[in-house]
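The block underneath contains the structure these notes are about, expressed in structure tokens.
Values quoted throughout were computed directly from the atomic coordinates according to the rules given, and no laboratory measurement underlies them. Everything numeric here is computed off the predicted structure, so don't read it as measured data. All Cβ positions, glycine included, derive from the backbone under ideal geometry; neighbour counts span all protein chains shown.
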Amino acid sequence: MAGISKSFVPGNPVLDDIHLSVEVGEVHAILGENGAGKSTLMNVLIGLVRPDRGHLALHGVVVDPDTYSPARAAELGVAMVHQHSTLIPAMTVEENFFYGATQRAWRFHPSSARRRLRALSERFGLEVPAGARVDDLSVGQRQRAEILRALDRGARILILDEPTAALTPGEAEQLFPALRRLRDAGRSLVFISHKLDEVEAVADRVTVLRRGRVVDTLSAQAVEAQQLGRLMLGRDLPALARAPAPERPEGPRLELRGLSAPGLREASRLRDLNLTVHGGEIVGIAGIDGNGQRELEEVLAGVRARTSGEIRVEGRALEPGVRRLRDAGVGHLSGERERAGLIPGLRLYENLILKGTYDDESVFPRGWFRPGPARAAARRRIADYGIVPPDPDADMAVFSGGNAQKLAVAREFEREPRVLVAVNPTRGLDVGSARFVHERFLALRSRGGAVLLISTELDEVLSLADRVVALVRGRLREVPAGADRAAVGAILLGASP
């Protein structure tokens with residue numbers, strides 16, 4: 001890629017004269033803050049975005065930007081494995097191989113597809129059970145199936161978007177040897193990650209983007225994580241200042257007593273959960289996606305009915321309901337910002353008041369909405385949280401993941417919650433944005449607030465939580481104090497603590 005430039009708003013380039021070269025048989029990592037241009041650059045590579053300037057050559061073939069498309073990219077062997085699975089859950093792995101393929105016989109032959117699956121699995125060390133429905137696979141198995149599907153369709157350049165974001169440590173460690181086999185077989189891999197230690201472990205070279213420009217391209221073996229962080233952020237990131245947990249935490253703020261609730265599937269049904277979170281404490285719930293995290297989040301947000309048990313806030317049992325939980329001082333930071341947190345198409349100040357009520361006289365005097373005070377409040381939050389662009393009238397769709405999450409955090413902290421339920425609060429965020437969110441949690445804890453952190457990022461749970469429990473097939477399991485990543489990962493996969 002040479003001289004690639006792209007602007008969606010005149011005078012504000014998202015990509016500014018980008019040069020990127022990925023060799024045959026190389027794992028090339030792309031690092032950058034949220035909003036640095038990584039996603040736009042990859043969308044140019046797979047034909048979804050047409051650059052304003054520059055050209056692209058694949059395997060020595062110069063492509064015409066005016067006619068380059070996802071179909072043409074696939075013909076030239078470019079494929080992207082997205083962070084969230086694009087496989088059809090109700091189909092088997094083999095059926096997903098066939099579905100959507102352009103160069104296939106008109107009739108599906110399961111045995112032929114199964115043979116190809118097994119051959120690719122054995123060759124690259126990507127084990128996926130033949131004949132299994134995608135809905136029955138673990139997150140790691142789905143990801144391996146995505147890679148195998150791309151290889152089955154002739155991919156020679158694989159773009160891996162945050163491939164370990166939802167994996168356990170054990171699953172991530174299993175993935176890295178497979179990536180090396182792909183590299184040694186002559187495939188080119190573009191590895192997008194915010195985890196600096198992973199880049200050091202698996203990449204051959206790394207290109208760092210900052211504000212739409214290439215800062216540097218270096219050998220991954222000749223650079224340290226701290227240096228990569230400095231290149232990515234433009235500054236050194238100090239160690240997280242974490243005060244020790246209080247010896248005598250305040251009284252119970254949030255209690256779950258015998259809580260059960262229906263699940264999207266059997267493995268995620270909540271079964272007799274008992275948990276207490278005290279004031280001045282962060283309790284982390286570790287788990288692999290699909291084990292009940294979404295159901296627990298929705299129960300604690302008041303949008304999923306429970307079948308038994310109760311929720312108590314500061315000793316008082318609450319009836320189900322969004323308003324009751326919020327009035328009791330429970331804040332909710334959604335794990336799916338795009339689906340249940342913020343609304344693209346609405347302006348920043350409108351998103352900031354979404355959880356407000358008509359009895360807020362500053363914004364709704366006599367029940368009528370007043371945009372002026374809402375904009376003024378938004379400007380204060382923009383300044384306090386460093387949100388970019390600093391425009392209360394900007395459409396939510398233009399904000400990067402990090403800035404959108406800052407807005408979501410600002411909205412929850414505006415009411416100073418007594419209890420904060422935070423679900424995957426830093427998924428997809430760069431190290432600077434993630435640090436910002438973590439510091440806000442620790443500040444709330446130091447003021448006596450209670451934080452229930454539900455996260456599939458095991459390192460996040462271990463670094464922030466005062467106590468850790470595991471959510472496995474809808475049940476809470478104790479995690480011994482001081483357990484390391486390997487021990488917790490084993491518990492998440494069903495081993496005894």
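Could you name the lysines in cross-link range of LYS38, using Cα to Cα under 29 Å and dropping any fewer than eight places away on the same chain?
Within the straight-line limit of under 29 Å, LYS38 reaches these lysines: LYS6, LYS195, LYS406.
Residue farthest toward the positive end of the dipole of the chain, with Cβ of Lys/Arg at +1 and Asp/Glu at -1: which of GLN227, VAL215, VAL461?
It is VAL461, whose Cα lies furthest towards the positive end.
Step through the residues of region 218-228 one at a time and calculate ³J(HN,Hα) from phi using the Karplus curve (6.51 cos²θ - 1.76 cosθ + 1.60, θ = phi - 60°), rounding each to whole Hz and writing x for Gly and Pro.
Calculated HN-Hα couplings, in order: 9, 6, 5, 7, 9, 9, 9, 4, 5, 5, 4 Hz.
Averaging the inverse of every distinct alpha carbon separation and then flipping it gives the Kirkwood radius. What is it for region 2-233, in angstrom units?
Final number for the Kirkwood radius of region 2-233 is 18.4 Å.
Please list, ordered by chain and number, the residues whose modelled amide H lies under 5 Å from the amide H of ARG210; skip anything fewer than 5 residues away on the same chain.
The list, which skips near neighbours in sequence, is VAL215.
Using unit Cβ charges (K, R positive; D, E negative) and no other charged atoms, how large, in debye to the nearest 20, is the dipole of the chain about its Cα centre?
Once rounded to the nearest 20, the dipole reads 760 debye.
How large is the helix-only mean residue ellipticity at 222 nm for the chain, computed as the sum of -39500 (n - 2.57) over DSSP H runs with n ≥ 4, divided by its residue count, in deg cm²/dmol to the nearest 500?
Value at 222 nm, helices only: -9500 deg cm²/dmol.
Give me the distance between the Cα centres of region 311-333 and region 110-149, rounded to whole Å.
44 Å
Take the alpha carbon atoms of region 341-416, find their radius of gyration, then divide it by 2.2 N^0.38 Å using N residues; give the quotient.
Region 341-416 yields a ratio of 1.02.
Where the convex hull is taken over the Cα atoms of the chain, what is its projected area averaged over directions, in nm²?
So the mean shadow area of the Cα hull is 24.8 nm².
Compute the separation of the alpha-carbon centres of region 170-242 and region 474-497 and state it in Å as a whole number.
Cα centres, region 170-242 to region 474-497: 28 Å.
In terms of modelled amide H atoms, which long-range or inter-chain residues lie less than 5 Å from the amide H of ALA29?
PHE191, ASP204, ARG205, VAL206, THR207
Per the Kirkwood definition applied to all pairs of different Cα atoms, how many angstroms is the hydrodynamic radius of region 436-475?
11.2 Å
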